[in-house]
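Enquirer: Just passing along the structure, written as structure tokens.
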């Protein structure tokens, strides 16, 4: 993974390069920012640069033995720690999942926790970085560097650390070993110990620009320019959202039908029909439910914008546009905020494993009220 492969975030790249050039690489760094902005990708690219045997022109070379090892996730001085599901018996550390992790990230570094959990078949469990994993981190870093240079430990989502693991990490940060670099990659720093936060150098990542996302979608995903721009504008600065939107687009016909079904039943106050609708959606997998809710939020946004009669700002299919001709008047300044919040809250509840039937029936009933505002 090279800097050139990280989407946008040029300011962060330049700051990291200056630290290396000035020989003041921090022993502990905290990469923070919204999901999908490239924090993990940047962490691996920086580790690659530190371990590369022939870095030049502001990037790792990509061809030396170290770079080739990192490309295959096999460099002995690059370590990962990440949340996983603790097994009911026996000691569990990241080593139990390392093969799954390497295979998973070989598809790219723009993903969320739900994607990782799905990959390891843990749809309805809470993932943590266990107490045993805290000891495992110590063991890994107690061994001398294989290459004689840096050792890098990337901890993805440190906010999910068990208290004992966090305390072990704190001890290592208080007494850092030479040439050992910790990179903590966090979506939410609130649960992290304040003493850990105070011992790390913070790198704030901003949301990606629509131009950067559109360019990546064209180059990496083969989208034509018009579609890439459309997706980028709805992605909210997250390449992960853009990738999910592409997946949504592949199922947009079925999502459109369910969205229309929901709105029509809500308008007619068909409570029994809404209950059946919620039962049907409950049978979907969690990822499909989240994708559908993202689609719904996009449809709300597009229908609200449709009221302004500025077609250059709308990005809908012909079928969606035909529906908007009559439906858009029901999405207005009186209900758009509450509507969006209701769907967003439902999406968060799905991610947190709240009972699906409760989620979808509750916000279906809420739709009855909002659609008539």
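Enquirer: Taking only the stretch 282-297 into account, find how many residues are surrounded by fewer than 21 Cβ atoms within 10 Å (Cβ to Cβ) and closer than 11 Å to residue 259 by Cβ.
Expert: Matching residues across the stretch 282-297 total 1.
Enquirer: Which fully enclosed helices (runs of 4 or more DSSP H) of the stretch 74-152 have 3 or more residues being touching a strand residue (DSSP E or B) at 6+ places or on another chain (Cβ under 8 Å)?
Expert: In the stretch 74-152, the matching helices (runs of 4 or more DSSP H) lie at 131-142.
Enquirer: Here's a follow-up. Quick check on my filter: what residues within the stretch 4-23 are under 19 Å from the mean Cα position of the chain (by Cα) and either surrounded by fewer than 18 Cβ atoms within 10 Å (Cβ to Cβ) or closer than 19 Å to residue 221 by Cα (or both)?
Expert: Within the stretch 4-23, 5, 6, 7, 8 meet the criteria.
Enquirer: Sticking with this structure for a sec: Taking into account only those residues within the stretch 312-342 that are part of a helix (DSSP H, G or I) and touching a residue at least 40 places away in the same chain (Cβ under 8 Å), which is nearest to residue 360 (Cα to Cα)?
Expert: Ranking the candidates gives 340 first.
Enquirer: Tally time: how many residues in the stretch 303-318 are under 30 Å from the mean Cα position of the chain (by Cα) and either loosely packed, with under 14 Cβ neighbours inside 10 Å or modelled with pLDDT of 90 or more (or both)?
Expert: Total satisfying the criteria: 7.
Enquirer: With more than 21 Å from the chain's Cα centre (by Cα) and buried (at least 21 other Cβ atoms within 10 Å of the Cβ) as the only criterion, which of 173, 169, 197, 217 stands out?
Expert: Going through 173, 169, 197, 217 in turn, just one is more than 21 Å from the chain's Cα centre (by Cα) and buried (at least 21 other Cβ atoms within 10 Å of the Cβ): 169.
Enquirer: Quick check on my filter: what residues within the stretch 158-179 are touching a helix residue (DSSP H, G or I) at 6+ places or on another chain (Cβ under 6 Å) and either in contact (Cβ under 8 Å) with a residue 40 or more places away in the chain or farther than 19 Å from residue 80 by Cβ (or both)?
Expert: Within the stretch 158-179, 164, 170 meet the criteria.
Enquirer: To continue, here is another question. Given the conditions (1) closer than 30 Å to residue 113 by Cα; (2) assigned to a helix (DSSP H, G or I); (3) at pLDDT below 90, and given that residue 354 satisfies all but one, which numbered condition is not satisfied?
Expert: The single condition residue 354 does not satisfy is (2).
Enquirer: Hey, another quick one. In the stretch 343-361, what residues are in contact with a helix residue (DSSP H, G or I) (Cβ under 9 Å, 6 or more places away or on another chain) and free of Cβ contacts under 8 Å to residues at least 12 places away in the same chain?
Expert: 349, 354, 355, 358
Enquirer: Any idea which of (1) farther than 18 Å from residue 95 by Cα; (2) assigned to a helix (DSSP H, G or I); (3) free of Cβ contacts under 8 Å to residues at least 40 places away in the same chain is the one residue 190 doesn't satisfy?
Expert: (2)
The values are calculated or read from the model by the stated rules, or taken from the named source; none is laboratory data. From a predicted model like this one, the values you see are computed outputs, not experimental measurements. Using ideal geometry, Cβ is built from the backbone for each residue, glycine included, and neighbour counts are taken over all protein chains shown.
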